[in-house]
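In what follows, a single structure is set out as structure tokens and then discussed.
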């Protein structure tokens with residue numbers, strides 16, 4: 001099956017697909033072939049303003065309604081997932097180079113994993129309760145949630161943030177990574193088919209420096225959630241603090257591991273690479289920094305070479321247990337720089 005890229009000339013605002021007013025465009029590159037597969041039209045300032053305004057109206061109107069209404073909404077979204085499961089897998093493989101088996105069995109499935117986890121939490125969550133001292137505690141939606149997501153686990157991060165916000169009653173403005181917009185478009189189509197109230201979910205595309213910055217700085221965005229680089233995260237956090245908005249940052253790095261002289265080096269390196277290589281090493285918890293006791297370094301280096309030789313590269317479109325390319329040229333450049 002070959003996935004045909006969706007139209008990327010529209011934003012999803014106030015329950016409708018709306019033509020983008022911005023003039024900036026960027027190609028979506030298949031990293032396996034280094035050829036464009038779609039052209040992304042970036043949202044303009046008017047699009048961001050319209051998306052936030054739609055979300056604010058939905059919040060003021062309590063469009064997401066009661067807890068029972070939110071449960072029913074998420075259940076409708078779940079019912080629509082199966083018909084788009086393969087489209088999601090194909091899109092993620094196409095736009096970020098994830099091998100198709102990984103894309104099907106891990107990447108796309110995170111949509112369902114996060115949705116089910118949110119539903120379980122929502123069903124058991126008390127939005128109102130009486131405390132032991134007799135006081136009444138009522139938890140209310142914070143307001144408009146601005147969400148910015150990365151490219152390495154794209155639908156996982158979108159699902160994690162969007163479903164939690166909707167469950168809490170917060171209308172959403174989502175800006176996914178400009179490198180992986182295809183799966184975000186499919187996500188929006190699934191939500192649209194589920195019949196979300198207008199303004200409850202809005203999708204705008206573009207980069208962090210322009211579209212993301214306008215969203216972050218907007219006075220009507222009550223809470224920002226960002227996963228990505230430390231540089232961008234610090235800027236987003238500073239903006240949120242300046243205007244008194246809530247902010248959640250996950251500026252993922254890499255995890256170090258320690259190897260000592262008295263360990264079984266072949267076994268250690270095989271285990272380390274088994275945690276490092278999947279998804280072409282593009283996991284924020286990948287143990288890519290291996291700190292080795294000096295006396296063991298030469299032998300550990302040879303063991304690492306033997307362990308690496310057990311892995312193979314292959315075409316992401318083909319089924320099989322192999323690695324695909326890294327997701328984009330910028331990431332490849334960083335890897336080459338660090339290797340040098």
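The values are calculated or read from the model by the stated rules, or taken from the named source; none is laboratory data. Everything numeric in this text was worked out from a predicted model, so none of it was measured. FYI the Cβ positions are ideal-geometry reconstructions off the backbone, even for glycines, and counts take in every protein chain you see.
Does residue 29 count as at pLDDT below 95 and surrounded by 16 or more Cβ atoms within 10 Å (Cβ to Cβ)? Walk me through it before giving the result.
Working: at pLDDT below 95: yes; surrounded by 16 or more Cβ atoms within 10 Å (Cβ to Cβ): yes.
In short, yes.
Does residue 262 count as loosely packed, with under 15 Cβ neighbours inside 10 Å, without any contact (Cβ under 8 Å) to a residue 12 or more places away in the chain and in a loop (DSSP other than H, G, I, E, B)? Don't jump to the end; show me each part of the working.
On the way: loosely packed, with under 15 Cβ neighbours inside 10 Å: yes; without any contact (Cβ under 8 Å) to a residue 12 or more places away in the chain: yes; in a loop (DSSP other than H, G, I, E, B): yes.
Considered against the rule, which asks whether it is loosely packed, with under 15 Cβ neighbours inside 10 Å, without any contact (Cβ under 8 Å) to a residue 12 or more places away in the chain and in a loop (DSSP other than H, G, I, E, B), residue 262 comes out as yes.
For residue 152, state whether it is assigned to a loop (DSSP other than H, G, I, E, B) and either surrounded by fewer than 22 Cβ atoms within 10 Å (Cβ to Cβ) or in contact (Cβ under 8 Å) with a residue 24 or more places away in the chain (or both).
Taking the combined requirement at face value, the residue satisfies it.
Filter region 36-57 down to residues that are free of Cβ contacts under 8 Å to residues at least 40 places away in the same chain and part of a loop (DSSP other than H, G, I, E, B), then give me how many there are.
Residues meeting the conditions: 1.
Given 272, 292, which one is at pLDDT 85 or above, surrounded by 15 or more Cβ atoms within 10 Å (Cβ to Cβ), touching a helix residue (DSSP H, G or I) at 6+ places or on another chain (Cβ under 8 Å) and under 30 Å from residue 157 (Cα atoms)? Give the steps one after another, and end with the answer.
Working: 292 fails: under 30 Å from residue 157 (Cα atoms).
The conditions single out 272.
Tally up the residues in region 225-244 that are touching a helix residue (DSSP H, G or I) at 6+ places or on another chain (Cβ under 8 Å) and farther than 20 Å from residue 179 by Cβ, please.
Filtering region 225-244 down to residues touching a helix residue (DSSP H, G or I) at 6+ places or on another chain (Cβ under 8 Å) leaves 225-228, 232, 235-236, 239-240, 243.
Filter again for farther than 20 Å from residue 179 by Cβ, leaving 239-240, 243.
Of the residues in that region, 3 qualify.
Return only the number of the condition from (1) assigned to a loop (DSSP other than H, G, I, E, B); (2) in contact with a helix residue (DSSP H, G or I) (Cβ under 8 Å, 6 or more places away or on another chain) that residue 33 does not satisfy.
(2)
Of the residues that sit in region 58-83 and are part of a loop (DSSP other than H, G, I, E, B) and on the phi < 0 side of the Ramachandran plot, which one is nearest to the chain's Cα centre (by Cα)? Please lay out each step first, then the result.
Step one: list which residues in region 58-83 are part of a loop (DSSP other than H, G, I, E, B), which gives 61-66, 80-81.
In the following step, the residues that additionally are on the phi < 0 side of the Ramachandran plot were identified as 61, 63-64, 66, 80-81.
Details: 61: 28, 63: 25, 64: 23, 66: 27, 80: 20, 81: 17 Å.
For region 58-83, the residue satisfying everything is 81.
Here is a yes/no grid of residues against (1) surrounded by fewer than 15 Cβ atoms within 10 Å (Cβ to Cβ); (2) under 17 Å from residue 145 (Cβ atoms):
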residue	(1), (2)
20	no, no
23	yes, no
41	no, no
44	no, no
48	no, yes
54	no, yes
